[in-house]
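The values are calculated or read from the model by the stated rules, or taken from the named source; none is laboratory data. Just so it is clear, the structure is predicted and the values come from calculations on it, not from any experiment. Methodologically, a virtual Cβ is constructed for each residue, glycine included, from the backbone with ideal geometry; neighbour enumeration extends over all protein chains shown.
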Amino acid sequence: MTNADSHVTWREMLQRTQAEIGDRVVAQWLCEHASGCDAGEFKGIVNEFVSDRSAQHLQSMLSRYSAGEPLQYVMGRWAFRRLDLLVDSRVLIPRPETELLVEHVTRFALQKMRDVGRSVTIADLGTGSGAIGLSLLAELPFESAEIWMTDSSEDALHVARANAAGIGRSAVGARFGHGSWYSALPEELRGSLDVIVSNPPYIAQGDPMVGESVLKWEPHSALFAGSDGLTDVRTIISDAAQWLVPGGFLALEMGHTQASAVSELFSSARFTNVSVHKDLAGKNRFVTGVSPR
Ligand SMILES: C[S@@+](CC[C@H](N)C(=O)[O-])C[C@H]1O[C@@H](n2cnc3c(N)ncnc32)[C@H](O)[C@@H]1O
């Protein structure tokens with residue numbers, strides 16, 4: 001339908017694309033992406049002819065999208081807070097609910113900087129695309145934070161590093177570590193982190209509620225964590241106090257049914273001010289707490 005054709009304008013191509021996939025917004029995004037323009041620029045080229053190269057790119061994206069691949073992987077990018085992140089099948093697609101987790105951590109980090117009058121050290125465990133850690137670097141004052149982004153997946157770290165390059169000078173405080181949870185951090189950091197934040201895998205193996213597209217396309221190592229989904233959450237909480245400064249902040253994303261189990265784990269590890277926070281849909285989504293003093 002959208003074969004390379006030097007006499008088709010972008011306006012016509014957009015109409016054809018919309019007719020083919022039946023979704024105006026997605027058609028618009030794909031055409032903008034194939035043209036190399038942002039939304040504003042695209043308006044200015046709608047009467048220009050589509051180049052063969054752009055038509056081929058669009059056709060290839062349409063084939064992948066029609067085969068069920070998530071739009072984010074097809075376009076190879078996705079917006080997260082202020083960032084335009086590279087995403088592909090090596091990493092979880094960053095979710096809007098995680099944007100709120102960044103907000104909680106930003107607030108705590110800013111307060112901590114005011115209280116202690118120095119820059120802060122943060123670990124984003126299981127960084128994936130780097131969505132959390134890189135957003136913090138982009139949003140906290142310049143050079144005010146050193147952020148350790150770790151993952152057990154080398155593939156994910158390649159994506160996170162590419163995204164760090166994309167944020168330019170804000171990435172000055174970016175550090176990367178490969179390994180399982182705390183083993184990815186240098187030993188000297190033990191007892192000195194101001195914040196640990198993580199969106200770990202938290203889905204129970206075999207959970208029937210997981211969407212077909214998620215199961216087929218997203219990395220299972222980013223999703224599943226044992227029979228109750230809490231294997232990784234337990235590991236992160238049980239060792240957190242050893243890595244945080246006394247009075248440090250632990251912020252974890254979790255499944256919306258896990259609030260009481262995760263809060264109990266925080267309390268058993270002697271965390272105080274344990275609070276459950278909701279996501280944009282009003283579902284319990286994060287637990288935060290302060291490490292023993
Ligand atoms: C739910 S994804 C979150 C990715 C990213 N932080 C986000 O919010 O979009 C979980 C991440 O944890 C990583 N992971 C899984 N097991 C791990 C482990 N044992 N140690 C470190 N990272 C792990 C996965 O590779 C994945 O990148």
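Looking at the structure I just gave you, is residue 273 among the polar types (S, T, N, Q), under 24 Å from residue 107 (Cβ atoms) and under 21 Å from the mean Cα position of the chain (by Cα)? For residue 273, the condition - among the polar types (S, T, N, Q), under 24 Å from residue 107 (Cβ atoms) and under 21 Å from the mean Cα position of the chain (by Cα) - is not met. Here 118, 95 are screened, and the one residue that is within 12 Å of the chain's Cα centre (by Cα) and either more than 8 Å from the ligand (Cβ to nearest atom) or of a type in the set (Lys, Arg) (or both) is 95. Considering the stretch 221-242, and only residues there that are surrounded by fewer than 17 Cβ atoms within 10 Å (Cβ to Cβ) and within 8 Å of the ligand (Cβ to nearest atom), the residue that is farthest from residue 261 (Cα to Cα) turns out to be 221. For the stretch 103-113, the candidate set comprises residues that are within 16 Å of the ligand (Cβ to nearest atom) and without any contact (Cβ under 8 Å) to a residue 40 or more places away in the chain; within that set, the residue that is surrounded by the fewest Cβ atoms within 10 Å (Cβ to Cβ) is 103. Can you confirm whether the stretch 176-197 contains a residue that is surrounded by fewer than 16 Cβ atoms within 10 Å (Cβ to Cβ), on the phi > 0 side of the Ramachandran plot, at pLDDT 95 or above and more than 9 Å from the ligand (Cβ to nearest atom)? Among the residues of the stretch 176-197, at least one is surrounded by fewer than 16 Cβ atoms within 10 Å (Cβ to Cβ), on the phi > 0 side of the Ramachandran plot, at pLDDT 95 or above and more than 9 Å from the ligand (Cβ to nearest atom), which makes the answer yes. Applying the condition of being small (Gly, Ala, Ser) and farther than 13 Å from residue 34 by Cβ to the stretch 4-22 and asking which residue is modelled with the lowest pLDDT yields 6.
In the set (1) under 25 Å from residue 88 (Cβ atoms); (2) touching a residue at least 60 places away in the same chain (Cβ under 8 Å); (3) in contact with a strand residue (DSSP E or B) (Cβ under 9 Å, 6 or more places away or on another chain), residue 203 fails one condition alone, (2). Checking each residue in the stretch 122-145 for being among the aliphatic types (A, V, I, L, M), assigned to a helix (DSSP H, G or I) and within 9 Å of the ligand (Cβ to nearest atom) picks out 131, 132.
Within the stretch 257-293, the residues that satisfy the criterion of being crowded, with 18+ Cβ neighbours inside 10 Å and assigned to a helix (DSSP H, G or I) are 259, 262, 263, 265, 266.
Confirm whether residue 89 is within 13 Å of the ligand (Cβ to nearest atom), among the hydroxyl-bearing types (Ser, Thr, Tyr), surrounded by fewer than 17 Cβ atoms within 10 Å (Cβ to Cβ) and not in a helix (DSSP H, G or I). Answer is yes for this residue.
Selection within the stretch 132-158: residues that are touching a Leu at 6+ places or on another chain (Cβ under 6 Å) and more than 24 Å from residue 114 (Cβ to Cβ). The member of this set that is surrounded by the fewest Cβ atoms within 10 Å (Cβ to Cβ) is 150.
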